[in-house]
Amino acid sequence: MLKSTIFSRGEKMLRMTKVLLVAITILLLVSACAAAEPELGTEGNPLVWVLVPSQDTEAVLTGAEDIAQAIEDATGLVVSPLVTTDFTGAVEAMCSGEAHMGALNTFNYVLAHARECADVAVASVRFGSTFYSGQVITAVDSGISSISDLAGKTFCRPDPTSTSGWVIPSIAMQAAGLDPEADLAEIVDAGGHDGVVLAVYNGDCDAGSTFVDARSNIEEDFPDVLDVVTVIEESAPIPNDNISYAPAVSTENREAITGVLLDLASTEEGLEILNSVYSWSGMEVVGDDFYDGFRQQLEAAGLDIEDLTN
């Protein structure tokens, strides 16, 4: 009987030892996996910067890579530019954690911020201002002279979430008594502001909307574009695009990257690089309240920003 008891206790100790070894092994594996996750901003886990080209994709990417190199040289942080086809993809990348900083337009910044995916750091400067305007264009011989004349017409937009190219013009149409979805004959996504101008120039669309003045972007290839395509409406000022950070980016890294961007904006060589990306001529530090005027426009029109994405 004594022998049996000693044997039983020995088995229990052996089982406990095995359980302990398994637990230690699991803890070591978990620790190894955690240690294997590289720090954000390193070669193994770069900060992804998402951009949407408003013009030549290759030029935007090349300029962004130059900025990324400047950031790495100054801070040691590795930044990897990623060009998406539209702002919807850019916001999705920011909100899913695939991207950590973004060059966002007004509409998509406000949307991403509402989803707690983005915080603005700097707004771009063009022509000495952090604001720009949108315009509605048509062919000079179209017979369209006002927003109300757009009923029954084919209308081109850059994409459904373009601030100057669709959101603001939609508000203007509603103010003129038009329901864009119901009263326009067709809404065409032209793939960019240049595409809208070209479609109106070629007669593929009766009218369209872009930033002011996107016509100049195709003037080299179509010298008479300013004579063929005219502006019938210009919007109130709209906040410029920005650089925003996702929640995963630490305050320390945000400040370091923003510092490099501001330094670039203070030198001729740096301004050349900024200009090559989005025709930026400077950077200005702004807070989220910079976009309150746009939010008020949406509210006054009875629009919810999430509804505009459907």
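What follows is calculated from the coordinates using simple rules that are stated; it is not laboratory data. Note that this is a predicted model, so its numbers are computed, not measured. All Cβ positions, glycine included, derive from the backbone under ideal geometry; neighbour counts span all protein chains shown.
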So if I take the centroid of the Cα atoms in segment 155-191 and the same for segment 234-310, what is the distance between those two points in Å? 23
Report, in degrees rounded to the nearest 10, the 0 to 90 angle that the Cα long axis of helix 2-36 makes with the longest principal axis of the chain. 30
From the helices alone, meaning DSSP H stretches of at least four residues, give me the mean residue ellipticity at 222 nm for the chain, per-run term -39500 (n - 2.57), in deg cm²/dmol to the nearest 500. -13500 deg cm²/dmol
Given a Förster radius of 30 Å and the C-beta distance between Glu116 and Ser266 as r, what FRET efficiency does 1/(1 + (r/R0)^6) yield to the nearest 0.05? 0.40
For the chain, compute Rh as the Kirkwood radius over C-alpha pairs and then the Stokes-Einstein diffusion coefficient at 20 °C and 1.002 mPa s; write the answer in µm²/s, rounded to an integer. 98
Quick one: compute a quarter of the convex hull surface over the Cα atoms of segment 193-288 and quote it in nm². 8.7
Relative contact order, percent, the chain [alpha-carbon distance under 8 Å, six or more residues apart]: 23
In degrees, nearest ten, helix 251-264 long axis to first principal axis of the chain (Cα): 40
Assertion target for Met101, Met94, ordered by fewest C-beta neighbours within 10 angstrom first, is Met101, Met94
Just to compare against my own numbers: the Cα pair-distance distribution for segment 134-235, 5 Å bins, whole % per bin, please. 3, 16, 28, 29, 17, 6, 2, 0
Please give the length that would be gained between Asn275 and Asp56 if that part of the chain were fully extended, namely 0.36 nm times their separation in residues minus their C-alpha to C-alpha distance (nm, one decimal). 77.6 nm
Percent antiparallel among DSSP beta bridges confined to the chain, rounded to 5, stands at 65
Once you have the Cα-Cα distance between Glu39 and Asn310, take 0.36 nm times their residue separation minus that, and quote the gain in nm to one decimal. 93.9 nm
Crossing angle, helix 268-278 versus the chain [Cα axis fit, 0-90 degrees, rounded to tens]: 80
